[in-house]
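Have a look at the structure below before the remarks.
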């Protein structure tokens with residue numbers, strides 16, 4: 001479903017939005033959302049481990065918004081993911097990638113290679129409980145066929161220092177499957 005964001009831009013709201021919000025509640029992430037600034041970017045505050053983790057994720061997502069780092073060169077993922085990260089797509093059946101290289105090849109590339117532009121995030125909230133940080137966001141890009149690619153995400157990161165060692169990714173797989181079926185991978 002698309003809605004007007006009040007600034008003349010259409011934003012997509014996936015049907016799983018309630019499920020993503022429920023997942024945040026079930027995880028007990030109650031440290032509160034990061035505040036959005038006037039441009040829709042999350043500003044994470046607070047002290048201690050939760051504040052540090054929220055600020056780190058806000059920084060990485062802000063870079064993706066401002067510099068287009070969710071791209072084919074994987075700048076975003078190389079920055080935030082530990083080389084030994086375990087990335088799980090929370091679907092049935094689950095898709096588990098045991099390290100960053102496996103995720104980049106099998107999880108990220110099949111989507112990003114079909115996009116003509118980087119995937120630009122619009123972060124709605126960042127929640128944290130210790131080292132577990134949940135980022136709720138919408139992603140927008142243009143596919144190679146010129147059509148928009150829109151998805152809603154809830155990525156739950158477990159942080160160790162400045163990098164994630166585990167990610168649980170909730171997303172609209174119908175949107176992903178539509179992209180994969182509609183846009184062939186480019187030939188090299």
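Calculate the spin-label point distance for residue 187 paired with residue 67, positioning each point 7 Å from the Cα along the beta-carbon direction, and give it in nanometres.
Once both label points are built, they end up 3.6 nm from each other.
How many angstrom lie between the Cα centre of region 109-188 and the Cα centre of region 51-82?
Spelled out, the Cα-based centre of one part sits 12 Å from the other.
Using only the Cα atoms, work out Rg/Rh for region 47-138, with Rh taken as the Kirkwood radius, to two decimals.
Using Cα coordinates only, the ratio equals 0.96.
Once the mean 1/r over all distinct Cα pairs of region 85-188 is inverted, what Kirkwood radius in angstroms do you read off?
Answer for region 85-188: a Kirkwood hydrodynamic radius of 14.5 Å.
Sort 88-94, 62-68, 155-161 by the packing proxy (mean of other Cβ within 10 Å over each peptide's residues), most packed first.
On the way: 88-94: 12.6, 62-68: 16.4, 155-161: 19.1.
Descending packing order for the listed peptides: 155-161, 62-68, 88-94.
What is region 149-188 by shape, rounded, prolate or oblate, if you read a ≥ b ≥ c off the alpha carbon gyration tensor as root eigenvalues and call it rounded for a/c under 1.5, prolate for a/b larger than b/c, and oblate otherwise?
It comes out oblate by the Cα gyration axes.
Once the piece of chain linking residue 178 and residue 92 is laid out straight, how much longer is it, given 0.36 nm per residue of separation minus the C-alpha distance between them?
Result: 29.2 nm gained on full extension.
Read the figures in this text as sums done on the coordinates, not as results from a lab. As the structure is a prediction and not an experimental result, all values here were calculated from the model. We place every Cβ from the backbone using ideal geometry, glycine too, and count neighbours over all the protein chains shown.
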